[in-house]
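Derivation of every value follows stated rules applied to the coordinates shown; laboratory data play no part. Only a predicted model underlies this, so the values are computations on that prediction, with no experimental measurement involved. Here the Cβ positions follow ideal geometry from the backbone for every residue, glycine too, while neighbour counts run over all protein chains shown.
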Amino acid sequence: LGIVPQPFAISRAIAGSHESTFSGIVVDVGGGTTDLAVIQNGVAIGTHMVSFGSRVFTKRIASDLKLTLAEAEEFKIKYSNGELSEGRMAEVRNAIQKDVPLWTLQVSIALEEFLDSVSGFPHKMLICGGGSMLPEIKSGLVQYPWTKELPFNRSPKVEFLYPKDLDGIIDNANLLSSIDDVTPASIARFTLEILENHI
C-alpha cells in the first residue's frame, strides 16, 4: 500500500497533533533503531532515524553478565518490569547505564538535522516503543543538557506516549495498553487512511 516512516505515522496519530497549538518531539525507541519526528505547530516537519536501539543494551547485558543474547533480552524485559532480584536489578542497571550517555548523544546529534527547519525546539518529548520501557531511557532524556546543546528555551518535558493518546483508535478489546503498542497502532491507523483515500 505504501511506505511510511514510523515516527511520521505516530506523529499523525497523536490526538491533537494537527492543531496549530501542538508541538512536540516523538522518540520511538525500537530494537534496532531510535526514530525521531519533530512536530511544529501541528505540522510534522521531518523524521530521522538513529541506528541505536535497545538491542545495544541487550548486548551490553549479555557481555557484562556473561549471558546469551536470548537470556540478556529476557533479563532486560524483566528489569523493565521490576521482576528481577535486587542484586540482578543492580547488575542490569549498571550495564545499561554504560551506554545511555551515548544513546542520548545520538538523539541530540539527530535533532541537529532539523536546525535548518526550526528556530527552536518544542518543550515536549513523547517517548514510546518497547525500548523506552527501560527507566534509563526517560531519565537519560530528562538529565541531558538540552538547553546547552540545542536551541531549547527550557529543558523539555519528557512523557510516555500511550495508545490512549492516539486519535481514531477504538480498542473495544482493551488489548492496547503498553507504550510498545503505539507504533503498530499508528501504522495500522495510517494504513486505514490510505485505504479510505483509495475507496
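What the table below lists for this structure:
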{"item": "Flag for Phe52 being in a loop (DSSP other than H, G, I, E, B) and within 16 Å of the chain's Cα centre (by Cα)", "result": "yes"}
{"item": "In the range 55-74, residue surrounded by the fewest Cβ atoms within 10 Å (Cβ to Cβ) [restricted to those that are within 24 Å of Val142 (Cβ to Cβ) and touching a Leu at 6+ places or on another chain (Cβ under 9 Å)]", "result": "Arg55"}
